[in-house]
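The values are calculated or read from the model by the stated rules, or taken from the named source; none is laboratory data. No experiment lies behind these values; they were computed from the predicted model shown. Backbone-built Cβ (ideal geometry, glycine too); neighbour counts: all protein chains shown. Ligands, DNA and RNA are excluded from the accessible area calculation, which covers all protein heavy atoms including side chains. Shrake-Rupley method; radii C 1.70, N 1.55, O 1.52, S 1.80 Å.
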Amino acid sequence: MSASVNILNKVDRFLAGSMKTIIIAVIVMATFTMFLQVISRYVFQVAISGLDELAGHTAVWLYLMGAAYGTYERTHIKADMMHLFVKSPRVLQVIRAAAAAVSVVISCYMTTWAFGYIKWSILKHEVTPTLRLPTVIFQLPILIGAFLMVVYFLREFIDILRRGPQVSPVSEQEG
Amino acid sequence: MTDLAIGLGLLVILMVNGVPVAMAFGAMALYLATAFDMGSAVLIPTAFYQLKSVVLLTIPFFILIGTLMSSGGLAVRLIDFVNSMVGRIRGGLGAVAVVACAMFGSIGGSCSSAVAAIGTIMIPRMEENGYDRGYATALVACASILGQLIPPSVSMILFALITYQSIPGCWLATVGPAFLTIIIFCIFNYFMTRKMPLKLLPKASLSEQLKGVATSTVKASWALALPMIILGGIYGGIATPTESACVSVLYVIPVSMFVYKSLTMKGLGKAFVSAATTTGVLVIMLFFVMINTRIMTMEQLPQEMAAWILSISDDKMVILLMVNVFLLGIGMIMDDISGTILAASLLFPVMKKLGIHPLHFAAMLGVNLGLGNVTPPTAPILYLAGRIGGVRIESYLKPALILMVGGLLPVVLATTYWADLSLFLPRLFGFAH
Amino acid sequence: APGQAQAGKVKLKIAQTVFPAPSAHMDSVKRIADKVTKATDGRITFKVYGPELADWAELNEMVMRGDIDIMLSPLSPSYDPRWNALYAPYIVTTYKEAKDAFGPDGFMNPMLKEWADDTNMIWLGAWLQGFTGVSLSERPAATVEEAKGIKIRTTPIAAYECCWSKLGFTPSLIPYSEVPTAISTGVVDGQAGGGPFQTYSCCRDLNKYFMFYRDSVEVWAYAMNKDAWNKLDAKDRELIAKVVAEEAQARIAGAEKEDMEYMKKLTDYGLTVVDLADHPKKLAMAKQRGRSCWKKLDEIVGKVWMDKIRKSVNMPIE
Ligand code: NA
Ligand code: NA
C-alpha cells in the first residue's frame, strides 16, 4: 500500500516538475526569439525567417501546460455562487463533486477530439508554412494538456468525495 | 435558436454550480456540436488555429511583466511615485488605476493584456490602501476596456480591414468614447469609495510634498524607465507591441534581481509558472469560446439574429438601438475578435444604407464589444480580473455591474446617438469629412 | 458533408474568406450558388460563407477535411509544398501571359489539377486576383539602388523574401495583423505582396507610394472537397464544373479591370503610383532578379515541376 502511494507521489512530482520545466523553457525561448527578431531587424537589418512562427507555435505548449498546471493547482477561473444559497455542507459536497465530474467528462471529450485531430494531422503530413516543421509537434500539447486535465479533475473529484467540499488547492497544502 | 438558448442556459447553470468557466463553455460546445450534428473535426482545428497566433503571446508576457514588477519591487516604487502626487486626494489611487489602464492601452491592443498587467499591480495595492478588494477588481476589469479603445487596437484593425476603412481613422474614432469613459469612471470612483476606509497620505506643506515627490521619483526611476522602453520601442519604430512585451522582460528581470535585489532565481521560476498558469486557464476558456463561435457561425445563427432585429422597425433611432442590443448580445456570447469580424460583415451594409458614417459605426462596435468583454456570461476579462485579484465572483459582480450599467452603458449610448464624439478626432486628422 | 437524403437533394457549403461583401469575390461565390440552385430547381442548395467563417489558410484545411465543400481561396502550402510554385516571382508580367498560364487551357492547369487531387480536392478553376507590388511611405523605389535600406513587410514565404531582397529591399517579418501598426510607427516602411485593391483597402492612409512591380500574379483556386465531389452524380458534377469555369473565365478580364480601377483610386487618393510596365527596362531587370529565386523553389516544389514551368516560359533549364 505505502509503496504504491510512494510511486504515485513520485509520478505526481515528476509530472508537476515536467510542466514547470516546459513552461519555463517556452518563456525563455520566446523571449530570446523575439529579442533576436528585434535585434536582427533593427541593428543588422536582416530578417530571420520563421521566428514569429516558432514563437507562436511553441506558445501552444505554454498555454496548455499552464492550463493543466492550473487544474493541478485547482486555480481555474470559476464563477460559482451556490455557496451563497446552499448552507448544508452535505449538499454542497454533492454539488462540488458533480461539478468536478462534469469537468472530467468535458476534458475527456477534449482528449478524444484532440486525439482525432492529431491522427489526421500525422496522416496528412501537415507542416508549418515557413519552417516546414511537422505541425503535430505543436498540436501534441492539446492532447497532453487535455489528458492531464482529465487526471487532475478526476483527482479533485475523488478528493471532494473523500474529504468534503472545502478541499484547499494543492499549492496551499504544500505550503 | 432554441438550441442556442439551451446551450447558453447550460453554460450559466454549470458556471454558477462551480464548474470551471472554461469547462462550462466546453459543455456548451459539446451540446451545440451534438445539436447541430457537427463532427469533432471542426472543433479542435479552429481553436488551434487561433492559439498559434503570435499576437496572443502578448498576454502571458504582460502578465509576466505585471507579476515580476509586483514581486520584484518595481510596482511598489511606481505606485509610491504616483501616490506622492495624488495620494492626498480621496480616491486618487482608483483614478490612477483607470488612467493606468488607458496608458496601457497605448501599448497593447487588447483588454486582456491591460487587465493582466494593471490588475496584477494595482489590485493588491488598492486593497492595502483601504479599497474593497472586490471593488478594485471590478474597477480594473471595467477600465481595462480602455486597452482596446485607446489605439492600437486589434479589433479596430480587423474592422478596418473588413470594411475597407482607414485603420488610423478607426483607431481615432474610439478615442473620444475612451476619454468619456475615463472621466465617468473617475467620478464613479470618487462616489463609490466614499464609505471605504481609504488611507490617505498625511497633510503636508507644499515644500514637504515636493520633497516627497522628488524622493519617490528617484526611487522609481528604474521602474519609470519601463513604460518609456515599451512605448519608445513601439512608437520609435523599433519593435511591434508583441516584441516589446517579450523583450521588456529582459529589462525587468535584471533590475528586480540586481538593482532592487528583491527577486531570486526561485522567485523568477515561480513568476514564470504563475504567469503561464493565469494565461493557460484564460486560454483554455478562449479555446472553447472560439469553438462555440465557430459552431454558431457555421449555423449562421448571428445572421438570423441580425435579420430579425433589423426587421422590427424602419425608424433610424430604433434601428440604432436594436443594433446596440444586437452588438451587446454578440458581446455577451462571443469573444471580441470573432464578434468584430461577425458584426462588421453582417451590419456594415445596413449601416451604410442608414447613412451612418463608417467610422461612427466603428466606434459603436468598439465600445459595445469592449463592454461585451465584461458582460456575463461570456466575460473573459471580468473572470480573468477575478482570478488575478483572487476574489470570488459575488464580491466583484455587484460593483462591476454598477460600473457597467452606470458607467459604460452611457458611453455606449453617447457613442451611438452623438456622432461627433467619435467623429471629432478622425475629422481633425482628415480621416473623415 | 453533403446530405443526399430526400429525392437527390444536396446541401453544399461554399466559402470565400478574404474579402467580405461587397466584393467581386463574394459576388462570384454567390453567383455560383444561385446559378446551380436555379439550374436544379432548388434541388441543390447552398450555405454561403464570408470572412466571418475563418481565415483562408484554415479554409483550405476545412475543404480538405470536407467541413466546407467548395472554396474560392488562396492555396495553403501547409499540406503540399508544391503550391509554393504559385509564389514563384515573375512567372508572368502581363494579363495576356497570365491568361496563357492560368486560364482554363493554360499550361499550369494540368499541374494544378494533379496537386489538388493529391490533397483531397478537385480543381475547378483559377481565380486571377491580379498582380502585386509594394507600398512605401518614405520614398519611391523602382530599382535596386533606390530600394537600398528600405524595410518592408513581406509575407513569410521563402520565395517572396528572396525576391524582395534581390530587388534591393530589406524584408521584414511581422504578423499580418500587426502590419498597419508597424507601418504607422515606422517599424517597417511599407508592405509587399499586395495588389492595388489590397493596398487601397489596407494602407491608403499609411503609405504614400505604390510601386506596381508585378512581381507575381496572385492565383486563387476554385476547389471542391473530393469526397463531396464523388458523392454528386455525373450531371451535377458537370453543372458545377461548367458554372465555375464561366466564373474563372470572366475573372481574367475582371482582374485587369480591378487592378486598373484601384490604381486610379490610389492616385485619386493622393498616392504616387508607378507601374513598372511603363518602365520596360526596370521591369526586365526586376524580372531577371526575381526569377533568380526560382532555384530556391527547386528543392521545395521539386525540380521536375519547376522545370516544366521554366520550359513553358522559355527559361533555360540547367
Ligand atoms: Na490599445
Ligand atoms: Na461578454
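List of remarks:
- Condition met for residue B:409 (over 20 Å from residue B:113 (Cβ atoms) and more than 14 Å from chain A (Cβ to nearest Cβ)): yes
- Residue list for segment B:350-385, restricted to those being surrounded by fewer than 24 Cβ atoms within 10 Å (Cβ to Cβ) and in contact with an Asp or Glu (Cβ under 7 Å, 6 or more places away or on another chain): none
- Residue selected from segment C:117-140 under the condition within 15 Å of the chain's Cα centre (by Cα) and small (Gly, Ala, Ser), by the criterion farthest from residue C:155 (Cα to Cα): C:125
- Pairs, first facing chain B (nearest Cβ under 7 Å) and within 21 Å of residue C:55 (Cα to Cα) in segment C:177-202, second open to solvent by 20 Å² or more (accessible area, probe 1.4 Å) and modelled with pLDDT under 85, C-beta under 7 Å, six or more apart: C:177/B:55; C:177/B:154; C:178/B:55; C:201/B:161; C:201/B:164; C:202/B:161
- Meets criteria (in contact with a helix residue (DSSP H, G or I) (Cβ under 7 Å, 6 or more places away or on another chain), more than 14 Å from ligand 2 (Cβ to nearest atom) and open to solvent by less than 40 Å² (accessible area, probe 1.4 Å)) for residue B:242: yes
- Picking from residues in segment A:108-127 that are part of a helix (DSSP H, G or I) and among the β-branched types (Val, Ile, Thr), the one that is farthest from the other protein chains (Cβ to nearest Cβ) is A:122.
Quick grid of which residues meet (1) within 16 Å of ligand 1 (Cβ to nearest atom); (2) outside any helix (DSSP H, G or I):
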site: B:14; (1), (2): no, no
site: B:23; (1), (2): no, no
site: B:28; (1), (2): no, no
site: B:32; (1), (2): no, no
site: B:58; (1), (2): yes, no
site: B:84; (1), (2): no, no
site: B:88; (1), (2): no, yes
site: B:96; (1), (2): no, no
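- Residues (more than 13 Å from ligand 1 (Cβ to nearest atom), polar (S, T, N, Q) and more than 8 Å from chain C (Cβ to nearest Cβ)) located in segment B:159-177: B:165
- Number of the exception - residue B:47 against (1) part of a helix (DSSP H, G or I); (2) over 30 Å from residue A:116 (Cβ atoms); (3) touching a residue at least 40 places away in the same chain (Cβ under 8 Å): (2)
- Taking (1) assigned to a helix (DSSP H, G or I); (2) facing another protein chain (nearest Cβ under 10 Å); (3) without any contact (Cβ under 8 Å) to a residue 40 or more places away in the chain in turn, residue B:232 satisfies each apart from (2).
- Only one entry of B:273, B:249, B:259 meets the criterion of being farther than 30 Å from residue A:68 by Cβ, in contact with a helix residue (DSSP H, G or I) (Cβ under 8 Å, 6 or more places away or on another chain) and either at pLDDT 85 or above or within 12 Å of chain A (Cβ to nearest Cβ) (or both), and that entry is B:259.
- Of the residues making up segment C:50-94, those that are more than 14 Å from chain B (Cβ to nearest Cβ) and either more than 14 Å from the chain's Cα centre (by Cα) or hydroxyl-bearing (Ser, Thr, Tyr) (or both) are C:70, C:73, C:80, C:81, C:82, C:87, C:90, C:93, C:94.
- When B:97, B:141 are screened for being among the small types (Gly, Ala, Ser), within 16 Å of ligand 2 (Cβ to nearest atom) and surrounded by 24 or more Cβ atoms within 10 Å (Cβ to Cβ), only B:141 passes.
- Among residues of segment C:149-195, those that are of a type in the set (S, T, N, Q), open to solvent by 30 Å² or more (accessible area, probe 1.4 Å) and at pLDDT below 90, counted: 3
- Residue, surrounded by the most Cβ atoms within 10 Å (Cβ to Cβ), within segment A:128-156, restricted to residues that are part of a loop (DSSP other than H, G, I, E, B) and hydroxyl-bearing (Ser, Thr, Tyr): A:135
- Residue C:284 fulfils the conditions (1) free of Cβ contacts under 8 Å to residues at least 12 places away in the same chain; (2) not in a helix (DSSP H, G or I) except for a single criterion, (2).
- Subset of segment A:25-55 that is assigned to a helix (DSSP H, G or I) and aromatic (Phe, Trp, Tyr) - its residue that is farthest from the other protein chains (Cβ to nearest Cβ): A:32
- Checking each residue in segment B:123-158 for being within 14 Å of another protein chain (Cβ to nearest Cβ), of a type outside the set (S, T, N, Q) and near ligand 1 (Cβ under 10 Å from one of its atoms) picks out B:150, B:151, B:152, B:154, B:156.
- The sole residue among B:70, B:112 that is small (Gly, Ala, Ser), within 16 Å of ligand 2 (Cβ to nearest atom), touching a residue at least 12 places away in the same chain (Cβ under 8 Å) and not in a loop (DSSP other than H, G, I, E, B) is B:112.
- Boolean, residue A:58 is more than 7 Å from every other protein chain (Cβ to nearest Cβ) and closer than 21 Å to residue B:251 by Cβ: no
- Checklist (1) part of a helix (DSSP H, G or I); (2) away from ligand 2 (no atom under 16 Å from the Cβ); (3) closer than 24 Å to residue B:66 by Cα; (4) within 14 Å of chain C (Cβ to nearest Cβ) applied to residue B:185, failing item: (4)
- Residue within segment C:101-109 that is assigned to a helix (DSSP H, G or I), farther than 24 Å from residue C:207 by Cα, modelled with pLDDT under 95 and open to solvent by 60 Å² or more (accessible area, probe 1.4 Å) present: no
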